[in-house]
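Before any comments, here is the structure.
The values are calculated or read from the model by the stated rules, or taken from the named source; none is laboratory data. Please read these numbers as outputs of a predicted model, since none were measured by experiment. With ideal geometry, Cβ positions are generated from the backbone for all residues, glycine too; neighbour counts draw on all protein chains shown. Only protein heavy atoms, including side chains, enter the accessible area calculation; ligands, DNA and RNA are left aside. Shrake-Rupley method; radii C 1.70, N 1.55, O 1.52, S 1.80 Å.
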Amino acid sequence: MNSIIPTTCLFLLLLPLALCTKNKQIYLVEFGENTNEDTTLHEIENTHRSYLLLVKETEEDAKTSFLYSYKHTFNGFAALLTPDEANNLSGMEGVVSVRKSETKMYSLHTTRSWKFVGLDKSFDPYEEKSNETNGELLAKGKYGQDIIVGMIDNGVWPDSKSFSDEGMGPVPQKWKGVCQNGTDFNSSNCNRKIIGARYYLQGYESIYGPLNETDDYKSARDKDGHGTHTSSIVAGRAVPNASALGGFARGTAIGGAPLARLAIYKACWAIKGKPKNEGNVCTNIDMLKAIDDAIEDGVDVISISIGFPEPLKYDDDVIAKSSLQAVRKNIVVVCSAGNAGPVPHSLSNPAPWIITVGASTVDRSFVAPIKLSNGTIVEGSSITPLHKENIFRPLVLASEVEYGGITSPNSSGYCLDNTLDPIKVKGKIVLCMRGIGGRLKKGLEVERAGGFGFILGNNRAYANDLASDLHFIPATEVTYENTLKLVQYINSTLNPMAQLLPGTTVLDTKPAPSMALFSSRGPNIIDPNILKPDITAPGVDILAAWTGEDGPTRMTDNDKRVVEYNIFSGTSMSCPHVSAASVLLKAMHPTWSPAAIRSALMTSAKTTDNTGNTITDETGNPTTPFAMGSGHFNPKKASNPGLIYDASFTDYLLYLCNLKLTQNISITYTCPNALPQPFDLNYPSIQIHKLNYTKTIRRTVTNVGGSKSVYKFISKPPKEFTIKATPSVLRFTHVGQEMTFVITVTENRDELLSESDSEKYFFGWYSWSDKYHVVNSPVAVSFQ
């Protein structure tokens, strides 16, 4: 799992880089919207280059200064310009704007999961099975056949068995992309599964200089593992007997849409001078071009497990701006919410035209217990194989085996670098506290000091969140409650001894799902009218394909182990689960809009775990829609949602008109005088910030179920407010019929404190139900 930010799946803060090369900086030059769809990218690029020639002294300077030409995300180009050259361009006919690119560094947000959601049937789609109960959605969705998924990530390891094209038909005729040659990657690495691959370095190299090819491939090949992992989650073929190192999670590895096609867009690169486990960097102009090409190439779904370390306004966010143009072309865009949880207001990718995905667990755990000398068994979690002699060894607190005077009271006990005294540690098991310093580095410190193994103990903040890490020495992690038990045992025992028992894979664990601690949380601070995230999906301890060029921990200098499949966690992993579900829904319902697909996923999501109780967070308390959105995705139910909340590209433009943002996102559109309120965007959830007694909100649903259906309104509000609908009964006479209703939310003043906190939200639900469907929507309300 990428470490929690202050995240790795978010590693970098916004860097105020002065991208200067002889006083040159990156500028974005924008022209009027291209209204001729038949104009080729080559023709557009030639036009863009002709403008650059007018302000450059030589043709060579113009050639080397040109970075990218954009067609779909906006009509314009990126180039290295001096301020004078930028000023000269801005005065030319046809040029709408010339603005300095405020470079933003995005980063990657970093089996059993499909069985957990009921998509485990018929691993080989070419073998007919008689019982298709669980595989019904897969079969009806044709396993994603011929749906093209654009993966914006850090490449792919094409040699993995997960990307075999055996038995697959010809590449879809609509595909217009390429297989770009590069280091250790050529056209032979593409096939009928990976049908295209590109890479984008211009932005990265403009900032950091030439790529160090010992850190990364100058091609679409993945040297890190992240892009390979996410791609195989979406569309990996069935690979029997796959497992992580040590045999953990053994089973058939398969993607959610195993016959979907993959198009790889590598826009993220190794950070110079840092190990891979500290993340990747994705520049805004590289990502903008990647998404622009994905639109041009003809993808159906775009999966983006990338985000910014903090929420960005729509007009500052290249993912938001470019994704809107993708949605315009009826492309579904799915993004990770980020790994900055459980901090409030931390989620990425909050635009309402994006499906924003949180991360939760599956019903599988990796149990690695500790046996104490008094016979007590303390449960732990680990995917670290035990290779050393397994006997009782002395158990010590890290705070008691440190060098004298080297740590402060606030840093003692965390097994930080060069803090442990080898004389006191040799041959022992050390209890290291979690909270300061990297988890894997703690094990390396114990190893440096000669320890046999270590136990990672959660503090109160981490509570029940257990990270299944693959350590370099015998190790396990324990909950906060079990940490207290171990501390009490050590302090009360004359000669405390412990034995680390081998880990095992345990299935059907309960409760599941539960929210991952790292999953970023709402409320949405970019627009408090839109509730985010939309949904949660499996993102903890996910087994999927891996690169052959990096160890499972991505700690390049330390980890020389090689694996074909690896266990990894993050919203980076939950995002492709929803991307795969979107593929199947798009295959089943080819006329549905991206908003319709999002609605089907959201309104059918589960809000309870496998014990029948409300999904919980890392503390064991019931979670809220600010963590899980509408709930845990349920693809089988989403295939037949009954009703959908649809929204068109024009609806999003009207929404942006109200926010006065249409010109800022490179769209030519004349806003009407009368505009709908932003909260009336036809969204499957409702968020009201600072409710002043009562508010009415309009919604429209479309019947996609039975031709003659009657839906009745059900509300489940908290004591602080009421939820009512007018009308409270919807009678449909045919499929495709739309009906509009008004939701009225009213505060219960008697239940509110006299000094209510406007940032404190309360949560309720409303549903429309007939005999066969329950169409759920969460409601989040704060008060003035």
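Annotations for the structure displayed:
- Estimated from helices alone, the mean residue ellipticity of the chain at 222 nm is -5500 deg cm²/dmol (sum of -39500 (n - 2.57) over DSSP H runs with n ≥ 4, per residue).
- Based on the reciprocal of the average 1/r between different C-alpha atoms, the Kirkwood radius for the stretch 227-272 equals 12.1 Å.
- Count Lys and Arg as plus one, Asp and Glu as minus one, and take only other residues whose Cβ is under 13 Å from that of residue 684; the net charge is then +1.
- Rg over Rh, two decimals, the stretch 532-587 (C-alpha only, Kirkwood Rh): 1.10
- Percentage of interatomic Cα-Cα distances in the stretch 542-668 larger than 23 Å: 56
- Taking amide hydrogens as placed 1.01 Å from N in the peptide plane, the amide H of residue 373 sits under 5 Å from those of 497, each at least 5 positions away in sequence or on another chain.
- Accessible carbon and sulfur surface of the stretch 569-715 relative to its total accessible area, %, 1.4 Å: 47
- Non-local lysine pairs in the stretch 678-784, meaning eight or more places apart or on different chains, with alpha-carbon distances under 12 Å, amount to 6.
- Structure note, pairs 442/510; 510/606; 63/218: Cα-Cα distances above 26 angstrom occur for 442/510.
- Rounded, prolate or oblate (a/c below 1.5 giving rounded, otherwise prolate when a/b exceeds b/c) for the stretch 666-784 by Cα gyration tensor: oblate
- Normalised by 2.2 N^0.38 Å, where N is the number of residues, the alpha-carbon radius of gyration of the stretch 457-585 equals 1.35.
- Using alpha carbons only, the radius of gyration of the stretch 454-501 set against its Kirkwood radius gives Rg/Rh = 0.99.
- Distance from the stretch 37-53 to the stretch 597-640 (C-alpha centre basis), Å: 47
- This structure gives Cα extents along the principal axes in Å, computed directly, and of (1) 90, 68, 58; (2) 82, 70, 62; (3) 93, 86, 62 that value is listed as (2).
- Working value for the stretch 136-257: equivalent-ellipsoid semi-axes of 27, 20, 12 Å, each the square root of 5 times a Cα gyration tensor eigenvalue, largest first.
- Accessible-area composition of the stretch 310-404, carbon plus sulfur, in percent [1.4 Å probe]: 50
- Sequence-distant residues sharing a close amide H with residue 535 (under 5 Å, placed H): 356, 358, 630
- 10 Å beta-carbon shell around residue 588, net charge (K/R +1, D/E -1): +3
- Computed from the alpha carbon positions, the gyration tensor of the stretch 339-435 leads to an equivalent ellipsoid with semi-axes of 36, 22, 11 Å, biggest first.
- Alpha-carbon gyration tensor eigenvalues x 5, square-rooted, for the stretch 245-347, Å: 24, 22, 15
- List 296, 389, ordered by accessible area with a 1.4 Å probe, largest first: 389, 296
- Rounded to the nearest 20 debye, the dipole magnitude of the stretch 528-680 is 380 debye, with +1 charges on Lys and Arg beta carbons, -1 on Asp and Glu beta carbons, and the Cα centre as origin.
- For the stretch 40-45, 3J(HN,Hα) computed residue by residue from phi via the Karplus equation (6.51, -1.76, 1.60; θ = phi - 60°) reads 7, 4, 4, 5, 5, 5 Hz, glycine and proline entered as x.
- Unsatisfied cross-links (Cα-Cα over 29 Å) in the set 24/289; 276/371; 193/223; 371/424; 161/313; 24/321: 276/371; 161/313
- Kirkwood hydrodynamic radius of the stretch 611-691, from inverse mean 1/r over distinct Cα pairs, in Å: 16.0
- In sequence order, calculated HN-Hα J values of the stretch 719-728 (Karplus, 6.51, -1.76, 1.60; Hz; x Gly/Pro): 5, 7, 8, 10, 10, 10, 10, 10, x, 9
- Cα pair distances exceeding 12 angstrom across the stretch 180-231, given as percent: 68
- The alpha-carbon atoms of the stretch 309-365, seen along their principal axes, cover 41, 23, 13 angstrom, with the largest extent given first.
- Once the Kirkwood radius over Cα pairs is known for the stretch 572-639, the Stokes-Einstein relation at 25 °C and 0.890 mPa s delivers a diffusion coefficient of 192 µm²/s.
- Environment charge of residue 418, counting only residues whose C-beta is closer than 15 Å and scoring Lys/Arg +1, Asp/Glu -1: -1
- Accessible surface, the chain, averaged per residue in Å² (probe 1.4 Å): 38
- Karplus (6.51, -1.76, 1.60) ³J(HN,Hα), θ = phi - 60°, over the stretch 490-503, in Hz, Gly and Pro reported as x: 4, 6, 10, 10, 5, 9, x, 10, 9, 10, 8, 8, x, x
- Stokes-Einstein D (µm²/s) once Rh is taken as the Kirkwood radius of the stretch 390-475 over alpha-carbon pairs, at 25 °C in 0.890 mPa s: 194
- Nonlocal amide H pairs with residue 669, under 5 Å, H built at 1.01 Å: none
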